[in-house]
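> Provided herewith is a single structure, encoded as structure tokens, for subsequent inquiry.
The values are calculated or read from the model by the stated rules, or taken from the named source; none is laboratory data. All figures in this text were calculated on a predicted structure; none of them were measured in a lab. Here the Cβ is made from the backbone with ideal geometry for all residues, glycine too, and neighbour counts use every protein chain on show.
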Amino acid sequence: MELTGLWKLQHYDVGQVKPMEIAAPGLDDRFWITAQVPGDVHSALIERNIIDHPYFGHNDAKSRWIEQKEWWYRTHFDYTWPEGEDDHQLELTFEGLDTFATVYVNGHEIGTTRNMLMAHTFDVTRILRRGWNCIAVKFDPLYLHHKDKEQFQWSSYTKERPWIRKAAMNYGWDWGPRMVTVGIWGKVAIARRVRAKIDSVYARTTAAAQDKATVRVEVDVKSYRKKQLSYDREREELQNGGMPRIECEVRLLSKDGQAVVSSRIPVEGKSASIDLLVPQPYYWWTHDLGEPYLYELEVRLFADSLQVDMYRQPFGIRTIELELHNEAGEPSFAFRLNGVKLFAKGANWIPVDHFIGSAPDLRYRHLIELAVECNMNMLRVWAGGIYEKDVFYDECDRLGVLVWQDFAFANALFPDFNRDFMDNVRAEVVYNVKRLRNRTSLALWCGNNEIDWLYDMKSSGGDITCPFYGESIYHELIPEVLEELDHNRAYWPSSPFGGNDANDPDIGDRHNWQVWHGSVYPRKFGEAPLLDYSVEGVTFKNYKKDFTLFSSEFGMHASANRYTLEKNIPEGEFYWGSVEMAYRNKDTNHQKGILLMEGFTGVPQTIEEYMKFSMLTQAEGLKYGIEHYRRNKHRTSGSLVWQLNDSWPGTSWSVIDYELLPKASYYYMKKFYHPLLLSIDHDAGQPLHVWAVNDTLQAYEGKIMLKVYDFAGIEVYAREFAVTIPANAAVQLGSLKESEVLGGKGAQEVVVQLSSEGFAAPSNLYYLRDQKDLDMPAAALEVQVDEQEQTASITAHNHLARMVVLDVPQGHVSFSDNFFDLLPGETRTVHIRHLDGDRVSLEKLQVSALNV
């Protein structure tokens, strides 16, 4: 029985009321407000118009009082069970309590919690009664639990959070404001257990061949001693210690529901295990390599021949390994899926909203579908959020997206010397490993975000003089738990990690923050960190110096889309340089973005220029870096952009903004993450090196055409390459002198186009100079809109149109293409859709370009 829906909500000052009075079943709560569960206090107050929406303007500062109060939830419900069947166990489970909660049932205190990041289950067998019942939950303000605690020398953004097991980003990060949430953020349910229950299931592929696979399934069972024994069974039950006879049936079902393999086995003690031999298996692949085929794993539990519990979850047969040395014995950091070395193309995932409990499942589905549409095959669940909701892993399993899963430790020292804290952490780790280990998409566990790397830099720079508090969590506790509970999956202690510096390009994974943050490299352990805040120090051209094995974080800011900004900025404040615009940017040193644009587009003077310049710089910068990484796929095996999404309507590194409107870089990503990539490696004045990259398992033959046009559309040079592109390879096709391709024109007057014949690689455009240096004349656009077909056809006249932008003033809208360039006379028809399936009104569609 789920206790979701509307509960009652009220707040008090600390010490204002006696808890047992508020928890009493007979309390008159008619005058409390209603609040949705799952949800959170902020969302309830917004819905009831008690607070102005914190995402608008500076309203978040007006809601800071919420974190100082004591909050109470209450609900009443009827519950019953068959007469005479009292030999059971009743369990009350909260999937998410944020964070320090005391739970009362029918006026009785049944327990407390101190961890947002795991579920909590309470035995309410002796407390729950037939008929009417009441549950009350008291949430303490967090300051009560850290105000007297030791503060450490390092905890990014706030010194409060190291003692609190809560989503770190709630305290504010460099892409979001401080909004310390509270409330019941997960589902609430009562389960009636009879005789036994499935405590956990562990399933994994242990052998894989073309004609057969072995799936090992281990079942842990909790049995309950019978409280009343019938005379007929008394002797047998007593001989068995009062415990029932337990069996389980394990089945693997195909997509059409047919049993592929089935077995019934006894449970000896508290567990049972079996190897399922699956003939002619269908393997799970990422969507770019094959079909993400999912079976259904079903485990039925029987006690004395009576079915008492069942577990069902989609399950994919696949092997996944982290290769740390290649065939030649050289260092590597590559994922092998079913024996195939893949290039990980993806992004870092942060919580989909600051109000995590209120975020709808549909928001998750839209974001992951958008990720697949732009050819991503991996998402990294970042350590400063949560272990994500089930819907996230459901969608990644279903759509064929691998998951890099961080444990929830980000950018701070943690008190691993404290027994109570470590007990709390161990319970969190055990719970989440058991919860997620059967997920087909789960490729890697990672201990923390940037802690090992930053501890060394901060201690080398003199900011930290204390020991590495927290080290034993990532290097002892978590590995011990994984060895016991999920030894079949790779573990990486931190990100980045390995080498002569934790951010060494030659060992492990790497975060490239030379670009944007101006970090100076190379660097070794013990050397004080340096920053270079200059055009040269932050430019995306630094990506080409990076020959990392795996780039797991990198990126740069771009404006959110116009609709997202205008919706959340007070009237009269939507202009470049306004205080409200600056408030959208939570990063330190706003000059970094100015320097990045100064080097590529020039410094914006208006809000229009800022939106377009920052979007174009991010898009071209990510293209520049990722094409470099992919050309070096013999060494580099992955690129995870920071970041996919936003948790509030701000300016950040995201490629999809808070209103689920993709930025320019997202549409570029459809090409530079495409399994077949045509690219040019070029710097001003240097030769043009032509490349083809093939991430598929099929070889291709055909032609690649290189054509050079001036901005009036006149062809000034052409060259064909006959190509054979091996499977899963990158090939340099040839080199051309810059002077050769110009056809008498200046490098600032032409565009280079790559296209294919014989295989379907998307075409690609290159400019031979930075945007600010191009001699780009004005273009004219012709737009034809078909409201019925939900399309817009755009034609460029006179000259090339640079960065054509389609804009509809509403959220959740996606275009088949956007932020594209058009040669003179070229027409592109764009399909427009609402993510929720609604029709999009095209009456207010605006189409613009940089040079129109």
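> From the list Val716, Val708, exactly one residue is of a type outside the set (D, E, K, R), over 24 Å from Gly346 (Cα atoms) and in contact with a Lys or Arg (Cβ under 7 Å, 6 or more places away or on another chain). Which is it?
Working: Val708 fails: in contact with a Lys or Arg (Cβ under 7 Å, 6 or more places away or on another chain).
The conditions single out Val716.
> Can you tell me which residues in the range 288-307 are surrounded by 17 or more Cβ atoms within 10 Å (Cβ to Cβ) and of a type outside the set (D, E, K, R)?
Leu289, Gly290, Pro292, Tyr293, Leu294, Tyr295, Leu297, Val299, Leu301, Phe302, Ala303
To keep it simple, each residue is scored yes or no on (1) surrounded by fewer than 22 Cβ atoms within 10 Å (Cβ to Cβ); (2) among the small types (Gly, Ala, Ser); (3) free of Cβ contacts under 8 Å to residues at least 40 places away in the same chain.
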position: Tyr666; (1), (2), (3): no, no, no
position: His689; (1), (2), (3): yes, no, no
position: Leu697; (1), (2), (3): yes, no, no
position: Met705; (1), (2), (3): yes, no, no
position: Tyr709; (1), (2), (3): no, no, no
position: Ile714; (1), (2), (3): yes, no, yes
position: Tyr717; (1), (2), (3): yes, no, yes
position: Ala722; (1), (2), (3): yes, yes, yes
position: Asn728; (1), (2), (3): yes, no, no
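> Taking the range 117-155, which residues are farther than 30 Å from Ala24 by Cα, surrounded by 18 or more Cβ atoms within 10 Å (Cβ to Cβ) and not aromatic (Phe, Trp, Tyr)?
Ser155
> If you don't mind, there's one more thing I want to ask. Go through the range 4-55 and give me each residue that's among the charged types (D, E, K, R) and outside any loop (DSSP other than H, G, I, E, B).
Passing the criteria: Lys8, Glu21, Glu47.
> Report, ordered by the first and then the second residue, all pairs with beta carbons closer than 7 Å, sequence separation of six or more or different chains, a first member in the range 415-433 that is assigned by TED's automatic domain parsing to the domain that holds Val481, and a second member that is assigned to a helix (DSSP H, G or I) and of a type in the set (Ser, Thr, Tyr).
That search, which allows pairs on different chains as well, returns Asp416/Ser472.
> Within the range 775-807, how many residues are surrounded by fewer than 21 Cβ atoms within 10 Å (Cβ to Cβ) and part of a loop (DSSP other than H, G, I, E, B)?
10
> Restricting attention to the range 424-449, report how many residues are in contact with a Lys or Arg (Cβ under 8 Å, 6 or more places away or on another chain), of a type outside the set (A, V, I, L, M, F, W, C) and over 17 Å from Thr121 (Cβ atoms).
Adding up the residues that qualify gives 3.
> Taking Glu95, is it assigned by TED's automatic domain parsing to the domain that holds Lys138 and either over 30 Å from Asp199 (Cβ atoms) or over 27 Å from the mean Cα position of the chain (by Cα) (or both)?
no
Results for (1) within 17 Å of the chain's Cα centre (by Cα); (2) not in a loop (DSSP other than H, G, I, E, B), shown as yes or no for each residue.
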site: Tyr387; (1), (2): yes, no
site: Tyr393; (1), (2): yes, yes
site: Asp397; (1), (2): yes, yes
site: Phe414; (1), (2): no, no
site: Phe421; (1), (2): no, yes
site: Trp445; (1), (2): yes, yes
site: Ser459; (1), (2): no, yes
site: Val481; (1), (2): no, yes
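> Continuing with the same structure: How many residues are hydroxyl-bearing (Ser, Thr, Tyr) and either more than 26 Å from Pro415 (Cβ to Cβ) or crowded, with 22+ Cβ neighbours inside 10 Å (or both) if we restrict to the range 156-203?
Looking only at that region, the number is 4.
> Something else: Inside the range 629-646, can you point out the residues that are touching an Asp or Glu at 6+ places or on another chain (Cβ under 7 Å) and not acidic (Asp, Glu)?
Arg631, Leu640, Trp642
> Anything in the range 753-797 that is over 35 Å from the mean Cα position of the chain (by Cα) and either β-branched (Val, Ile, Thr) or on the phi > 0 side of the Ramachandran plot (or both)? List them, or say none.
Gly758, Val783, Val785, Thr795
> Mind listing whichever residues of the range 600-648 are of a type in the set (D, E, K, R) and not in a loop (DSSP other than H, G, I, E, B)?
Result: Glu608, Glu609, Lys612, Glu620, Lys623, Glu627, Arg630, Arg631.
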